[in-house]
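J.: One structure is given below, represented as structure tokens, and several questions about it will come after.
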Amino acid sequence: MECTSCPEDFWSNLQRDDCVPKRTEFLSYHEPLGICLATASLLGTCICTFVLGIFICHRSTPMVRANNAELSFLLLLSLKLCFLCSLLFIGRPQLWTCQ
């Protein structure tokens, strides 16, 4: 019996005499875990946006100026982008999300 390795997108079957295509498994927006992750991500983004709006409205007050307003704005914006980044991992894998 001669053994050949399967291509990258294939598995060997139980008898190890044929290659079968791999099934793509991914987290869907319709699964409970996908719904929870998307909800937490959007909730965190909304909270960051709300706090950032408060900081921008009151940027001339001593409390915001004492907390280094520019750094706080940058940190809140970065945190908002981190929350939104988790949405990339939900749904069918695309070429631009996997590379």
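J.: Out of curiosity, is LEU88 of a type in the set (A, V, I, L, M) and at pLDDT 90 or above?
T.: No; evaluated as a whole, the condition is false for this residue.
J.: Right, here's the next one. Scan region 1-31 residue by residue and report those that are surrounded by 10 or more Cβ atoms within 10 Å (Cβ to Cβ), of a type in the set (Ser, Thr, Tyr) and over 23 Å from GLN94 (Cβ atoms).
T.: If the condition is that a residue be surrounded by 10 or more Cβ atoms within 10 Å (Cβ to Cβ), of a type in the set (Ser, Thr, Tyr) and over 23 Å from GLN94 (Cβ atoms), then SER12 is the only one that fits.
J.: Follow-up question, since we're still on this one. Of all residues being acidic (Asp, Glu) and within 27 Å of the chain's Cα centre (by Cα) in region 16-31, which is farthest from SER78 (Cα to Cα)? Just the residue, please.
T.: Applying the filter and picking the extreme gives GLU25.
J.: I would also like to ask the following. Report yes if some residue within region 56-76 is basic (Lys, Arg) and closer than 26 Å to ILE35 by Cα; otherwise report no.
T.: No; the residues of region 56-76 include none that is basic (Lys, Arg) and closer than 26 Å to ILE35 by Cα.
J.: Return yes or no: is VAL51 closer than 27 Å to CYS85 by Cβ and more than 18 Å from the chain's Cα centre (by Cα)?
T.: So VAL51 fits the description; yes.
J.: While we're on this one: Just to be sure I understand the filter: pairs with C-beta atoms under 7 Å, separated by 6 or more residues or on different chains, first member in region 30-45 and touching a residue at least 24 places away in the same chain (Cβ under 8 Å), second member surrounded by fewer than 16 Cβ atoms within 10 Å (Cβ to Cβ) and assigned to a helix (DSSP H, G or I). Which pairs pass?
T.: Short answer, once both residue conditions are applied: LEU37/SER86; ALA38/LEU87; SER41/LEU84; SER41/SER86; SER41/LEU87; THR45/LEU84.
J.: In addition: Tally up the residues in region 50-66 that are out of contact with any Phe, Trp or Tyr (no Cβ under 8 Å at 6 or more places or on another chain), of a type outside the set (Gly, Ala, Ser) and open to solvent by 60 Å² or more (accessible area, probe 1.4 Å), please.
T.: Matching residues across region 50-66 total 8.
J.: Just give me the residues in region 74-99 being among the charged types (D, E, K, R) and more than 29 Å from VAL64 (Cα to Cα), in sequence order.
T.: Within region 74-99, just ARG92 meets the criteria.
J.: Here's another thing I want to ask about it. For region 80-99: of the residues being open to solvent by 80 Å² or more (accessible area, probe 1.4 Å) and free of Cβ contacts under 8 Å to residues at least 40 places away in the same chain, which is nearest to LEU27 (Cα to Cα)?
T.: LEU88
J.: Return the residues of region 32-49 that are surrounded by 13 or more Cβ atoms within 10 Å (Cβ to Cβ) and under 29 Å from SER72 (Cβ atoms); say none if nothing qualifies.
T.: Listed by number, the residues that qualify are LEU37, ALA38, SER41, LEU42, GLY44, THR45, ILE47, CYS48, THR49.
The values are calculated or read from the model by the stated rules, or taken from the named source; none is laboratory data. The structure displayed is predicted, hence computed values, not measured ones. Here Cβ is always computed from backbone atoms with ideal geometry, including for glycine, and neighbour counts include all displayed protein chains. When the accessible area is computed, the model is the full protein with side chains, heavy atoms only, and any ligands, DNA or RNA have been set aside. Shrake-Rupley method; radii C 1.70, N 1.55, O 1.52, S 1.80 Å.
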